[in-house]
Amino acid sequence: MKELDFPFDSRLILKKRRSLKKQLLADEMARTKIKIAVLGGSTTDDIVSMAELFLLNLGIEPLFYQSEYAQFWEDGVFGNDELEAFSPDIVYICTSFVNLQFRSDPSLTQEQSDEIYKHQCERFKTLWSSLERFGCPIIQNNFEPPFYALLGSMDSWDYRGAGYLVNRMNLFFAEYAIEHDTFYLLDLNRTAAELGLARWHDRSYWYMYKVMCAREAVPTLSYKLSLIIKSIYGKNRKLLALDLDNTLWGGVVGDDGVDGLSIGQETAEAQAFYEFQMYVKDLKKLGVALSVCSKNEEENALAGLNHPEGVLCPDDFAVIKSNWEPKDVNLIQTVSALDLTTEALVFVDDNPAERERVTQSVPQAAVVKLTLPEFYVNEVSDAGYFEPVAISDDDLKRSEMYRKNAKRAELAAVAADYGEYLDSLEMIAKIEPFVPIYYQRITQLTNKSNQFNLTTRRYTQTQIEQFAKSSEYITLYGKLEDKFGDNGVVSVVIGQIVGGRLKIALWLMSCRVLKRDMELAMLDELVKAARAREIEILEGEYIPSAKNGMVCRFYPDTLGFSPTDKENVWTLDISEYTNKNTHIKINEG
């Protein structure tokens, strides 16, 4: 919905919240349903209503529990019947400086200041450990600076200052987040700074309604919350498609030539484009796939990307589409080549006409509204399209994986025989029970894989660990390597042992390894593990969703399962099973 896309008008959203919600719920979009418990240190009604709009727009349908005013600690630690019955999928602790119960005091001793700090740390640690009973992710605000500084600049570094306590608490919160995989911080400190403390701290709004920030700041805070939640549920964008002329450099390479382009350190404009290229390069390090979508001769595009003062080079891009075809056509072809969907796409182009065409033709893509080069970084970054909640080794390799996927697609296009093509990839798979080193990646996959996901059940990392340790479950993860590189963990199977059969609760696979027989290799190893537990029957279930239609016949048509009297449930007798995989070597090397 355009009104909720970044950058948004906070006043407009607050004014039209009811009509916007009505429109969103009427669009029949398939959404992930989650339950969010909001434990507030102040009044949270407006924050919840705004977060609901942003989450609905991101494909998530939330159901909220809200604590009574300032009862965040009591509800979290002692609970109540309503909260326990609610059984949240996410807990959001919405606290701020007003909940720290601390003022600047020139008469404090160092020992007294330390004691106050330790008390607050223990208070929050008790809260967080108590909330572990729900086995779900916890999102916690850190703290914004106080609305005044009694000691001036000294307030932030002297032990008697409230600002000093805020800094200590924020560091403590950060260290706790580093040590706990499913604990995430919403950076209230930065959020307040972006708006400006004078605007953030609306004391009249606090005195009258007990809301921790100004009314105009509420949509921004709620948007920041929605970014973390969508990242937890694997709804981040994955591909940044970039125009070239006046987007990655100043000037038109076909007219001005490489020497006439503005990029580097010589002028203010050149530095702005250089900084934007630096930012794009950093996104690639984060695992974002890059592509070029430019109306240019390819020779000119490559010459511009090899500019001696530039940061990016042709090898940084998974796909380069530099031609005179319509950009929406090129974008769809790029997405297809990388085995992605248009929901993964962020398009950046300085030309408003090109942006409008893509907006109309590829509505699921995010189209960035660029203004001036000096603002390009913030116009992409502040939208949070790629905001992570964790960074795994696979994330760091993902951009290179997509580039190599494009090479595989090129090889497949010229292969005479598909079986020979698969053999030419020289594939090796590692398929084993879940191990701690991959818990985080497995959790990521369960929460983001939609197309090749038979049941689309979502699990927390705590649940993944429980499955791995339980004798009632068989778990398998699959990694796939080939001559182009390592694809990382790409497939996950979880089965529950019930009687003499294994009920497959989850079977998913990353779309980047589709049509490479990885599913057959996983089945072979699943049968092997089931036989070791004296299981004779595998039972597979398909739960339809808006996105997993491609696997509706996976069990009978691909794996040879037989129908049962239950709709969308199939079984496989493995007593005489023979391996199906012929192109992938398993657990070698």
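Annotations for the structure displayed:
- Contact annotation: residue pairs with Cβ atoms under 6 Å, 6 or more positions apart or on different chains, pairing a residue in segment 293-308 that is at negative phi with a partner that is assigned to a loop (DSSP other than H, G, I, E, B) and aromatic (Phe, Trp, Tyr), are Lys295/Trp324.
- Only listed residue being open to solvent by 40 Å² or more (accessible area, probe 1.4 Å), out of contact with any Gly (no Cβ under 8 Å at 6 or more places or on another chain) and touching a residue at least 12 places away in the same chain (Cβ under 8 Å), chosen from Leu242, Leu197, Leu221: Leu197
- Residue match in segment 161-174 (condition: of a type in the set (Ser, Thr, Tyr) and open to solvent by 40 Å² or more (accessible area, probe 1.4 Å)): yes
- Positions within segment 25-45 being under 21 Å from the mean Cα position of the chain (by Cα) and open to solvent by 20 Å² or more (accessible area, probe 1.4 Å), in sequence order: Met29, Ala30, Arg31, Thr32, Lys33, Lys35
- The residue that is farthest from Leu476 (Cα to Cα), counting only those in segment 431-441 that are among the aliphatic types (A, V, I, L, M) and at pLDDT 90 or above, is Val435.
- Residue match in segment 516-532 (condition: exposed (fewer than 15 other Cβ atoms within 10 Å of the Cβ) and over 24 Å from Val435 (Cβ atoms)): no
- Being among the hydrophobic types (A, V, I, L, M, F, W, C), at pLDDT 95 or above and buried (at least 17 other Cβ atoms within 10 Å of the Cβ) holds for only one residue in Val493, Val513, and it is Val493.
- Test: residue in segment 505-512 that is of a type outside the set (A, V, I, L, M), free of Cβ contacts under 8 Å to residues at least 24 places away in the same chain and closer than 30 Å to Phe183 by Cβ: no
- Identity of the residue in segment 533-559, open to solvent by 80 Å² or more (accessible area, probe 1.4 Å) and farther than 24 Å from Asn450 by Cα, that ends up nearest to the chain's Cα centre (by Cα): Arg533
- So Ile584, is it of a type in the set (Val, Ile, Thr), touching a helix residue (DSSP H, G or I) at 6+ places or on another chain (Cβ under 6 Å), closer than 27 Å to Asn450 by Cβ and surrounded by 14 or more Cβ atoms within 10 Å (Cβ to Cβ): yes
- Every condition in (1) open to solvent by 20 Å² or more (accessible area, probe 1.4 Å); (2) in contact (Cβ under 8 Å) with a residue 24 or more places away in the chain; (3) touching a Phe, Trp or Tyr at 6+ places or on another chain (Cβ under 8 Å) is met by Ser562 except one, and the failing one is (2).
- Among the residues of segment 165-185, those that are assigned to a helix (DSSP H, G or I) and touching a residue at least 40 places away in the same chain (Cβ under 8 Å) comprise Leu165, Val166, Arg168, Met169, Phe172, Phe173, Tyr176.
- Top-ranked residue of segment 333-355 - restricted to ones that are aliphatic (A, V, I, L, M) and modelled with pLDDT under 95, ranked as nearest to Leu244 (Cα to Cα): Ala353
- Every pair of residues 6+ apart whose Cβ atoms lie under 8 Å, when the first sits in segment 64-75 and is more than 16 Å from Ala51 (Cα to Cα) while the second is open to solvent by 50 Å² or more (accessible area, probe 1.4 Å) and assigned to a loop (DSSP other than H, G, I, E, B): Tyr69/Lys210; Ala70/Lys210; Asp75/Glu68
- None of Thr443, Thr456, Thr462 is part of a loop (DSSP other than H, G, I, E, B), β-branched (Val, Ile, Thr) and open to solvent by 10 Å² or more (accessible area, probe 1.4 Å) except Thr456.
- Residues of segment 309-336 satisfying the condition of being open to solvent by 30 Å² or more (accessible area, probe 1.4 Å) and touching a Cys at 6+ places or on another chain (Cβ under 6 Å): Lys321
- Hits in segment 129-156 - residues which are surrounded by 20 or more Cβ atoms within 10 Å (Cβ to Cβ) and under 26 Å from Ser231 (Cα atoms): Leu131, Phe134, Cys136, Pro137, Ile138, Ile139, Gln140, Asn141, Asn142, Phe143, Glu144
- Residue within segment 522-543 that is at pLDDT 90 or above, of a type in the set (Gly, Ala, Ser) and touching a helix residue (DSSP H, G or I) at 6+ places or on another chain (Cβ under 7 Å) present: yes
- Meets criteria (loosely packed, with under 14 Cβ neighbours inside 10 Å, small (Gly, Ala, Ser) and closer than 30 Å to Asp417 by Cα) for Gly500: no
- Residues in segment 245-259 that are of a type in the set (A, V, I, L, M, F, W, C) and surrounded by fewer than 21 Cβ atoms within 10 Å (Cβ to Cβ) were compared, and the one that is farthest from Ile332 (Cα to Cα) is Val258.
- Every pair of residues 6+ apart whose Cβ atoms lie under 8 Å, when the first sits in segment 256-270 and is within 13 Å of Val311 (Cα to Cα) while the second is part of a helix (DSSP H, G or I) and among the polar types (S, T, N, Q): Ile263/Gln277; Gly264/Gln271; Gln265/Gln271
- Of all residues making up segment 419-440, the number that are part of a helix (DSSP H, G or I) and in contact with a Phe, Trp or Tyr (Cβ under 7 Å, 6 or more places away or on another chain): 1
- Taking the criterion of being among the aliphatic types (A, V, I, L, M) and part of a helix (DSSP H, G or I), the residues of segment 62-89 that qualify are Val77, Leu83, Ala85.
- Flag for Phe102 being at pLDDT below 95, of a type in the set (A, V, I, L, M, F, W, C) and either in a strand (DSSP E or B) or open to solvent by 10 Å² or more (accessible area, probe 1.4 Å) (or both): yes
The values are calculated or read from the model by the stated rules, or taken from the named source; none is laboratory data. These numbers were taken from a predicted model, which means no experiment stands behind them. We place every Cβ from the backbone using ideal geometry, glycine too, and count neighbours over all the protein chains shown. Note: areas computed on protein heavy atoms with side chains; ligands, DNA, RNA excluded. Shrake-Rupley method; radii C 1.70, N 1.55, O 1.52, S 1.80 Å.
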